[in-house]
Amino acid sequence: MIELNSKQRKILEKAAHDLAPVVIIGGAGLTEGVQTMIDNSLKAHELIKVKFNEYKEDKVELTNEICSQNDATLVRIIGNVVILFRQAEKEEDRKYKI
């Protein structure tokens, strides 16, 4: 997990503006399957949105759990949508140069 400064956060927020949520947390909560989907999405895209349809009151705790288990960085929580970032391991695969 990397630490982002405010300038890096703004760059990633702007990039995420037009993205649709790729993972939705529903009634089943944060299952192993959801964690796997988040991991695969971060591998493919680096920057994703996760929407909370349920467990809205627990979104901060669940987001912290998601970040720690997937080595992701929280960019911002806007309403019930969370923006997550995990930089690609290989330099040539990186879409966002921060």
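The values are calculated or read from the model by the stated rules, or taken from the named source; none is laboratory data. Just so we're clear, the structure is a prediction, and the values are computed from it rather than from any experiment. Cβ atoms come from the backbone with ideal geometry, glycine included; neighbour counts cover every protein chain shown. These area figures cover heavy atoms from the full protein model, side chains too; ligands, DNA and RNA do not enter into them. Shrake-Rupley method; radii C 1.70, N 1.55, O 1.52, S 1.80 Å.
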For the range 6-17, what are the residues that are open to solvent by 80 Å² or more (accessible area, probe 1.4 Å) and either under 15 Å from Leu74 (Cβ atoms) or touching a residue at least 24 places away in the same chain (Cβ under 8 Å) (or both)? Ser6, Lys10, Ile11
Check Ala15 against each of (1) among the small types (Gly, Ala, Ser); (2) closer than 15 Å to Lys95 by Cβ; (3) within 12 Å of the chain's Cα centre (by Cα) and name the one condition it does not meet. (3)
Answer residue from the range 18-44, given it is of a type in the set (D, E, K, R) and closer than 17 Å to Gln69 by Cβ and is least open to solvent (accessible area, probe 1.4 Å) among those: Asp39
If I ask for residues that are touching a helix residue (DSSP H, G or I) at 6+ places or on another chain (Cβ under 8 Å) and over 22 Å from Gln8 (Cβ atoms), which ones from the range 40-68 would you list? Phe52, Tyr55
When the residues of the range 44-61 are narrowed to those that are touching a residue at least 12 places away in the same chain (Cβ under 8 Å) and assigned to a helix (DSSP H, G or I), which ends up farthest from Leu4 (Cα to Cα)? Lys56
Restricting the range 62-98 to residues that are in a helix (DSSP H, G or I) and over 17 Å from Val23 (Cβ atoms), the one most open to solvent (accessible area, probe 1.4 Å) turns out to be Glu92
Is the range 25-36 home to any residue that is within 19 Å of Ala88 (Cβ to Cβ), of a type in the set (Ser, Thr, Tyr) and within 12 Å of the chain's Cα centre (by Cα)? no
